[in-house]
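The structure under discussion appears below in the form of structure tokens.
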Amino acid sequence: MSDLSIQLHWQRSEPVLHSGKYSNAHTVQFNDAYDVQVDAAPDWGGNPANTNPEQALASALSSCHMMTFLALAAKAGWPVAGYSDHAVAHLGKNARGQMSVTRIDLHPIVRFDTGFSPDGGELDKMQHRAHRYCFIANTLADSVEINIL
């Protein structure tokens, strides 16, 4: 199969690495060309202007779900004109009492060409098929909620 990679770079900016007294800010580079500034989530002291790993995880799931939905819709002959989503990663403690992303909610909105409108049941079925076949969703198991609007 495929091996897909990123480059991560962090450099200490403080004189000494002391617990709770250093910056988590770092850069993640995609495809040797695109740099994203990353930090801890704001609740954990990160810069809210930077993305954080939890947002990146929600982004990866949302993107994968959309691409899977589009592939399925194209096979079914559905004329999708636009797709948007608002993905939310929820932080909390898992069953072992460890901090984790306990759930990711997707809120996809699909627009179709004029004259095409699947009924709610068909759209719901297609969204759930997209979830079932999405690589990232399969990695995350049961922590994804799809809220079709």
* To do: Would you compute, from DSSP H runs of 4+ residues alone, the mean residue ellipticity of the chain at 222 nm, taking -39500 (n - 2.57) per run and dividing by the full residue count, rounded to the nearest 500?
  => -9500 deg cm²/dmol
* Asked: For THR114 and HIS26 in one chain, what is 0.36 nm times their gap in residues minus the Cα-Cα distance, to one decimal in nm?
  -> 27.2 nm
* To do: May I ask you to derive the FRET efficiency for GLN37 and ARG12 from their Cβ-Cβ distance with R0 = 22 Å, giving the value to the nearest 0.05?
  => 0.85
* To do: May I ask you to evaluate 6.51 cos²θ - 1.76 cosθ + 1.60, the Karplus curve with θ = phi - 60°, for each residue of the range 44-54 and list the ³J(HN,Hα) values in order in whole Hz, giving x for glycine and proline?
  => 10, x, x, 6, x, 6, 9, 6, 9, x, 5
* Which aspartates and glutamates, on any chain, are close to LYS125 with Cα under 12 Å apart, when same-chain ones fewer than 8 places away are left out? -> none
* Asked: Given R₀ = 25 Å, FRET efficiency for ALA74-ASP124 by Cβ-Cβ distance, to 0.05?
  -> 0.85
* **Those lysines that a straight Cα-Cα span of less than 30 Å connects to LYS93, excepting residues fewer than 8 apart in one chain** => LYS21
* Asked: Magnitude of the Cβ-charge dipole of the chain, K/R +1 and D/E -1, about the Cα centre, nearest 20 debye?
  -> 300
* Which semi-axes, in whole Å and largest first, does the equivalent ellipsoid of the chain have when worked out from the alpha carbon gyration tensor as the square roots of 5 times its eigenvalues? -> 35, 18, 14
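No lab work stands behind these numbers, since they all come straight from the coordinates. Small disclaimer: the values here were computed from a predicted structure and weren't measured. Cβ atoms come from the backbone with ideal geometry, glycine included; neighbour counts cover every protein chain shown.
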